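Data block below; observations after.
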């Protein structure tokens, strides 16, 4: 590969700008506002709005439509993804340490590959709740300095580690170092207050997490791959955002919608997760903005289609026995349609066909994935969305390696393939 694909470069910039779900939501919304969508709040009136973008915590809902949508004939074209990734999150009272080290108490968020967080230079990001002179507010925080490190035990003190593997106790082994000396209650809060230029007592709470400081980068002798944190699932968030921002205006009576949820990695049961009422309420309000009544809205759902976009497992050359032999997907092979008979993925024959049609229209290759039968299969927001809305859903995603690692691996051509396929899906009749 002689040069970096343009879509890949933009994706890497997006991931670097989004170390937490809150930053990801703001970054996606900023791109959509730049594309002409109007920023609205959940408590604002959406009457007569043909487009809009809403940010709530780490989640985003955005929509576009052509003028003159007929409420009796409308339908939604929906793309869903998630902004969160497995990581280490700071506890409410984090000041800890022993034997001359200052440490920060953390909790594992989601199904993280714990060993991937060892011996990395880590920064801090998220949001802080402040009670200041101007009332209650939240502020985003991003510190791209090597503040923290989870140090691994030397091999001289664990001689069997290369044969038996690293075994990590979440409580005892993951508290990162962040200084020397003795920790005192309130040290972390005081440090945060200095960063925000407020008094320590003004900080009420936080949602803070650690992130790897290594920048995203193309990888390989020919640049055919890329390495980055949070590919699962910021690659899908980026593709969905770009598809909505750059695809042609939706056809008559079609409303194009993108929703980026938080909390997928821990089951989606939150006010901003896929199991919440967020999307259902948003779609009903968008329908109401064009004059639809309740019956017309429910009828519209039966005409609607949804793509749930999340990471897919590329075959690993060192572990080929972990994959279904006839369904080994590859990097740079195009979007992966994920199928599971037990509906861990929501795809069925009808929705698979619809997404294949979108890929063909976009001139994009596609692949099919089925999980190995004797291994437990993960899930996505797809089945949740299908159940909540009674809508037809297909589960897709770009192939990747090292899923749920602090640093993952993807194919350099796949971001473009996924963006084009999603754009075609939004604009197809």
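None of the figures in this text is laboratory data; all of them are computed from the coordinates on show. All values derive from a computational prediction rather than experimental measurement. Heads up, the Cβs are rebuilt from the backbone with ideal geometry, glycines too, and the neighbour counts pull from every protein chain shown.
Some observations on this one:
- Nearest 10 degrees, 0 to 90: helix 414-427 Cα axis against the chain principal axis: 30
- Our summary gives region 219-359 a relative contact order of 14 percent, counting only alpha carbon pairs under 8 angstrom and 6 or more residues apart.
- Ranking of 327, 23, 263 by count of other Cβ atoms within 10 Å, fewest first: 327, 23, 263
- With both labels modelled 7 Å from their Cα along Cα-to-Cβ, the residue 156 to residue 182 distance reads 2.9 nm.
- Label-point gap, in nm, between residue 48 and residue 195 - each point 7 angstrom along Cα→Cβ: 4.4
- Region 87-212, relative contact order in percent, only Cα pairs under 8 angstrom and at least six apart counted: 40
- Against the chain, whose longest principal axis comes from its Cα atoms, helix 349-362 is set at around 90 degrees.
- Computed E for residue 316/residue 429 - FRET, C-beta separation, R0 41 angstrom, nearest 0.05: 0.55
- Of [x] 5, 20, 24, 19, 14, 11, 6, 2, 0; [y] 4, 15, 19, 20, 19, 13, 6, 3, 1, 0; [z] 4, 21, 30, 24, 14, 5, 1, 0, the label for P(r) over Cα pairs in 10 Å bins from 0, in percent derived from the coordinates: [z]
- The residues 257, 55, when put in order of fewest to most other Cβ atoms within 10 Å, stand as 55, 257.
- Ordering of 330-342, 91-103 by burial proxy (mean other Cβ atoms within 10 Å per residue, highest first): 330-342, 91-103
- Each of 26, 224 was scored by other Cβ atoms within 10 Å of its Cβ. Listed from fewest to most, they are 224, 26.
- Against the chain, whose longest principal axis is taken from its Cα atoms, helix 231-246 shows a tilt of about 40°.
- Projected label distance in nm at residue 357 and residue 93, using a 7 Å step from Cα toward the beta-carbon: 5.9
- When only Cα pairs below 8 angstrom with a gap of at least 6 residues are kept, the chain shows a relative contact order of 24 percent.
- Euclidean distance between Cα centres, region 297-354 to region 1-40, Å: 24
- Taking every DSSP helix (H) stretch of at least 4 residues in the chain, weighting each as -39,500 (n - 2.57) and dividing the sum by the residue count yields a mean residue ellipticity at 222 nm of -8000 deg cm²/dmol.
- Packing rank of 236-244, 178-186, 272-280, where each peptide gets the mean count of other beta carbons within 10 Å, highest leading: 236-244, 272-280, 178-186
- Build a GNM of the chain with springs between Cα atoms under 10 Å apart, and of 213, 298, 174 the one that fluctuates most is 298.
- Centroid-to-centroid separation of region 131-162 and region 260-291 [C-alpha atoms, Å]: 31
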